[in-house]
2 protein chains.
Amino acid sequence: MINLEVCLTPTLLPLFNIENSIVVVIDIFRATSSICYGIENGATAIIPVAEVEECIAYREKGFDYLLAAERNGEVVMGFDFGNSPFSYTAEKVAGKTVVLTTTNGTHALHMSIKAKRIVIGSFLNLTALCNWLKTQSEDVLLVCAGWKNNFNLEDTLFAGAVTERLKTGNYKLDDAALGANDLYQLAKDDLKGYLKKTSHSERLKQLGIEADIAFCLNVDITTAIPILDGERLVKLEV
Amino acid sequence: MINLEVCLTPTLLPLFNIENSIVVVIDIFRATSSICYGIENGATAIIPVAEVEECIAYREKGFDYLLAAERNGEVVMGFDFGNSPFSYTAEKVAGKTVVLTTTNGTHALHMSIKAKRIVIGSFLNLTALCNWLKTQSEDVLLVCAGWKNNFNLEDTLFAGAVTERLKTGNYKLDDAALGANDLYQLAKDDLKGYLKKTSHSERLKQLGIEADIAFCLNVDITTAIPILDGERLVKLEV
């Protein structure tokens, strides 16, 4: 049996033994959705960093980086673009390395650093990701980036979607995977409608990024699986 | 608006501002169920402690304490009884002070110590607890004791049951309350059947305490609300 567990927030990561596990980092609105879309569209690599200042440091390295940073829903002055997945089109990112500022997503990634492998999941690459996971023999831990270290519904729903696709196999589910899967069952026919009731959705609406949100809930429009290689997320060769 | 939030495990408690809140501690299998039953049945007070040694220290105080301690499902030698709710009948506990060894429940209680008020919830006193909460104006935080600091389904379901009864009022729900409530909707017609799939349930079955589990899922068989007064849980006078 392979363990399939869900870590509902990065705060809970120390409770899991991840040295021999594959960790899937999940930050649906919007970091991991944008990363999947950018890698699909030919970005050479995406480097997630926590602070705008770290992002700026890459410009000073003199290399041809694209810098992505947003604060309060606006592209930070002097940066190439923000966190909207619509910035990660082939036209903009093919052949480029993007340095992306995120908070929750980067935190989840850094907290997972001891894992055997770290890959990136979103609704965009759901089936491709699950098909690959099924070929692996390691335990799987789905790490929800959450919101300021606490639980959020959108990341949990995605964890439930992965569980849905793996549970018929040789996996042993923990309580969080069981719960996430049940929530996904309730929500799957109308993810957007289901998430409307969340406070996070209210917050994002105020930022005027409803179009981003709708895009991030597209299922299976990409097949690339971003994987962490050093500090860079690159396309997993399968 | 009153905030109604769910803290899915004690590990997440530092994320919440509880100084002005009412905290409801939830450890369905079996600590908070036994506490509700014991206070209902006339125990003068119940003192939850983390370690068997702390429990023993009360005997040395020379007072007429009943000591309850279990390890691996067996009453520890020299103790009066274990953690089974069936030990908390009027015959055994009326007029007595019980010192109860628990791990998850005590941990959640200690982590919540800065709250304005701490009360104890279980399916046994669900409606009485909710009716009282509705008369209060403070924010409410439902703290799931969980299992070894991680998420568990049974405590989350109870948080969802409380949310179900309060949500029509003037409450603002966080994502965890929304998710817990949806899980409760799925489970409410057959709590026992729903929980059968959990790993925790497997573990408890191995301990041979199925009868305890079934008892802890009885809804509204008590009306007493245990409240923390110093180190002692006593009956809230309403």
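The values are calculated or read from the model by the stated rules, or taken from the named source; none is laboratory data. From a predicted model like this one, the values you see are computed outputs, not experimental measurements. So basically every Cβ, Gly included, is an ideal-geometry build from the backbone, and we count neighbours across all protein chains shown.
Here are some notes:
- All told, A:Val162 falls short of being more than 13 Å from chain B (Cβ to nearest Cβ), in a strand (DSSP E or B) and touching a residue at least 40 places away in the same chain (Cβ under 8 Å).
- B:Ala128 passes every criterion in (1) assigned to a helix (DSSP H, G or I); (2) under 18 Å from the mean Cα position of the chain (by Cα); (3) surrounded by 21 or more Cβ atoms within 10 Å (Cβ to Cβ) apart from (3).
- Selection count, region A:66-91, where residues are within 22 Å of A:Asp229 (Cβ to Cβ) and surrounded by fewer than 19 Cβ atoms within 10 Å (Cβ to Cβ): 1
- Top-ranked residue of region B:25-65 - restricted to ones that are among the acidic types (Asp, Glu) and farther than 17 Å from B:Thr103 by Cα, ranked as surrounded by the most Cβ atoms within 10 Å (Cβ to Cβ): B:Glu40
- Residue within region B:191-201 that is at the interface with chain A (Cβ under 7 Å from one of its Cβ atoms), buried (at least 22 other Cβ atoms within 10 Å of the Cβ) and within 25 Å of B:Val140 (Cβ to Cβ) present: no
- Residues satisfying the stated conditions in region B:165-187, i.e. more than 13 Å from chain A (Cβ to nearest Cβ) and either modelled with pLDDT of 95 or more or under 19 Å from A:Gly160 (Cβ atoms) (or both): B:Arg165, B:Leu166
- Hits in region A:94-109 (condition: in contact with a strand residue (DSSP E or B) (Cβ under 9 Å, 6 or more places away or on another chain) and either outside any loop (DSSP other than H, G, I, E, B) or of a type in the set (Val, Ile, Thr) (or both)): A:Thr97, A:Val98, A:Val99, A:Leu100, A:Thr101, A:Thr102, A:Asn104, A:Gly105, A:Thr106, A:Ala108, A:Leu109
- Criterion applied to A:Ile227, A:Ile113, A:Ile118 was being in a strand (DSSP E or B), more than 14 Å from chain B (Cβ to nearest Cβ) and either closer than 27 Å to B:Asn149 by Cβ or among the basic types (Lys, Arg) (or both), and the one residue passing it is A:Ile118.
- Residues that are out of contact with any Lys or Arg (no Cβ under 7 Å at 6 or more places or on another chain) and either polar (S, T, N, Q) or at pLDDT below 95 (or both), drawn from region B:32-47: B:Thr32, B:Ser33, B:Ser34, B:Asn41
- Any pair with Cβ under 7 angstrom, 6 or more apart, that starts in region B:144-158 at a residue that is facing chain A (nearest Cβ under 7 Å) and part of a strand (DSSP E or B) and ends at one that is among the polar types (S, T, N, Q) and surrounded by 24 or more Cβ atoms within 10 Å (Cβ to Cβ): B:Asn150/B:Thr9
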